[in-house]
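The values are calculated or read from the model by the stated rules, or taken from the named source; none is laboratory data. Not measured: the values here are computed from a predicted model. Every residue, glycine among them, receives a Cβ derived from its backbone with ideal geometry; neighbour counts consider all protein chains shown.
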Amino acid sequence: MKRSMILEVAVQAEFHTLLLVSLFFLFAGHNQPGGGFAGGLVASAAFALVYVAGGPRQLRRVTKVPSYVLMGVGLMLAVVTGMTSLVLGHEFLESAKLEVDLPLIGPAKTTSVLFFDTGVYLVVLGMILMLLEQLGSDEADS
């Protein structure tokens with residue numbers, strides 16, 4: 001199979017930018033359009049481009065964490081976020097505001113929605129990576 005050098009160079013140039021855009025969607029999501037699902041889809045698109053340009057072997061080289069680990073950690077994070085509010089006597093997934101005084105940065109504020117969105121982000125990314133792995137697998141790769 002012939003590989004396109006132009007496509008490979010373009011993907012190398014775009015990959016990290018797409019990951020940064022996905023993180024922007026993740027962090028801006030609870031105040032603006034975006035969130036864990038949209039961020040996870042953008043990150044998944046970055047990995048899909050790697051798959052298209054380099055095939056399943058290149059995708060395996062780029063992904064450092066197995067897809068099932070991403071999905072498991074994401075699901076656990078989302079569930080623990082929801083259960084924490086129940087344990088504290090509030091409704092399931094009720095939002096809480098968190099304020100932390102970070103050294104050298106100063107006060108930082110966030111909400112518990114960020115942790116839930118991070119879980120959704122990881123589940124979406126893990127699911128798409130698993131799908132790409134299954135699409136690219138054959139008897140010789142196993």
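Taking residue 42 as the residue in question, decide whether it is over 13 Å from the mean Cα position of the chain (by Cα) and not small (Gly, Ala, Ser).
Here the answer is no, as residue 42 does not meet what is asked.
Residues in region 50-89 that are buried (at least 18 other Cβ atoms within 10 Å of the Cβ), under 18 Å from residue 13 (Cβ atoms) and within 17 Å of the chain's Cα centre (by Cα): 50, 51, 59. If you go through region 94-133 and keep only what is surrounded by 12 or more Cβ atoms within 10 Å (Cβ to Cβ), more than 16 Å from the chain's Cα centre (by Cα), within 16 Å of residue 29 (Cα to Cα) and not β-branched (Val, Ile, Thr), you end up with 95, 96, 112. Reported count of residues in region 10-37, each being under 14 Å from residue 118 (Cα atoms), among the aromatic types (Phe, Trp, Tyr) and free of Cβ contacts under 8 Å to residues at least 60 places away in the same chain, is 2. Would you check if residue 40 is free of Cβ contacts under 8 Å to residues at least 12 places away in the same chain, surrounded by 15 or more Cβ atoms within 10 Å (Cβ to Cβ) and closer than 18 Å to residue 20 by Cβ? Taking the combined requirement at face value, the residue does not satisfy it. For residue 123, the requirement of being assigned to a helix (DSSP H, G or I) and either among the basic types (Lys, Arg) or more than 29 Å from residue 12 (Cα to Cα) (or both) is not met.
Residues in region 33-63 that are outside any helix (DSSP H, G or I) and at positive phi were compared, and the one that is modelled with the highest pLDDT is 35.
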